[in-house]
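Written below as structure tokens is the structure these notes are about.
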Amino acid sequence: MAFWRSTTLESDKHDLNTYANATTTTTTTTTTTTTDKDATTTHAELTKIPLMRAFIETHDPSSMHEVDDLMMRRFLRARDSDVDKACAMLLKCLKWRRSFVPNGFFSVSEVPNEISQDKVFAQGHDNRGRPIAVIFGARHFQNKQGGLDEFKRFVVYAFDKLCASMPAGQEKFVGIAELKGWGYSNSDVRGYITALSILQDYYPERLGKLFILHAPYIFMKVWKVIYPFIDNNTRKKIVFVENKKLKPTLLEDIEESQLPEIYGGQLPLVPIQDS
């Protein structure tokens with residue numbers, strides 16, 4: 001299964017307008033009925049998606065089993081509804097995916113050094129059914145053994161795991177970047193920009209929101225270097241949370257039953273590989 005794709009496939013005969021209706025997300029601890037405005041397909045998108053499909057079929061016919069309407073919609077939105085730019089972006093992604101992830105996914109055995117840092121966890125869903133990932137910035141160090149290539153594989157591994165955990169009718173995930181204890185030894189600017197590029201170029205419209213917690217002053221110096229590489233759509237989804245308002249801010253999007261225990265919630269942290 002291609003976990004990076006949409007959870008709702010064209011082969012399932014789901015009409016995009018049906019997908020746009022309110023969805024019911026069920027977890028082990030709570031059931032939330034949510035209407036997600038991101039799930040609504042506009043009339044303009046309905047007219048442009050067939051154009052994209054025709055273009056992709058012409059330029060990369062072998063990839064059509066990898067592409068569904070919702071994937072095309074994500075790339076269309078990432079390029080502000082410009083069909084030509086969206087098609088170019090999607091074709092580039094398909095080519096990259098076949099080259100970088102030839103087996104369709106990465107296993108834990110292919111990212112051992114990154115897994116050993118114990119820095120990414122995934123559990124629970126927010127009020128809109130989006131899976132939640134918690135990333136501990138102070139546990140990330142440049143991988144000298146596996147190098148940047150292993151880090152890239154790990155980023156793809158993590159994104160694919162999150163996409164695979166999305167309930168039907170949901171296409172996005174939420175990130176919580178915990179920066180308590182972060183220092184210069186963690187300032188892997190090259191790695192950060194690489195992860196950002198993979199997210200923006202190959203997983204467009206997958207990030208729903210990113211909460212940044214306990215950001216120290218020295219991190220903001222690195223942030224100034226990274227910021228120019230963040231596109232406008234992604235910038236709108238990033239929230240720096242004040243320490244004094246941490247739990248109330250998180251509770252605006254995440255019920256206490258779905259919030260990690262470390263933030264006063266009820267869910268224990270689960271390593272990404274076990275999620």
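The values are calculated or read from the model by the stated rules, or taken from the named source; none is laboratory data. Since the model is a prediction, treat every value here as computed from it, not as a measurement. Ideal geometry is used to build each Cβ from the backbone, glycine not excepted, and the neighbour counts take in all protein chains shown. For the accessible areas, the whole protein counts, side chains as well, though only heavy atoms, and no ligand, DNA or RNA atoms are used. Shrake-Rupley method; radii C 1.70, N 1.55, O 1.52, S 1.80 Å.
Quick notes on this structure:
- When the helices (runs of 4 or more DSSP H) confined to the range 136-247 are screened for residues that are out of contact with any His (no Cβ under 6 Å at 6 or more places or on another chain), within 19 Å of Ile272 (Cβ to Cβ) and open to solvent by less than 20 Å² (accessible area, probe 1.4 Å), those reaching at least 1 such residues are found at 147-164, 189-202.
- Taking the criterion of being in a helix (DSSP H, G or I) and small (Gly, Ala, Ser), the residues of the range 98-124 that qualify are Ser99, Ser109, Ser116.
- Being closer than 29 Å to Pro260 by Cβ and without any contact (Cβ under 8 Å) to a residue 40 or more places away in the chain holds for only one residue in Asn103, Asn113, and it is Asn113.
- Cβ-Cβ contacts under 6 Å between residues 6 or more apart (or on different chains), taken from a first residue in the range 222-236 that is more than 15 Å from Glu205 (Cβ to Cβ) to a second residue that is open to solvent by less than 60 Å² (accessible area, probe 1.4 Å) and polar (S, T, N, Q), are listed as Val222/Ser187.
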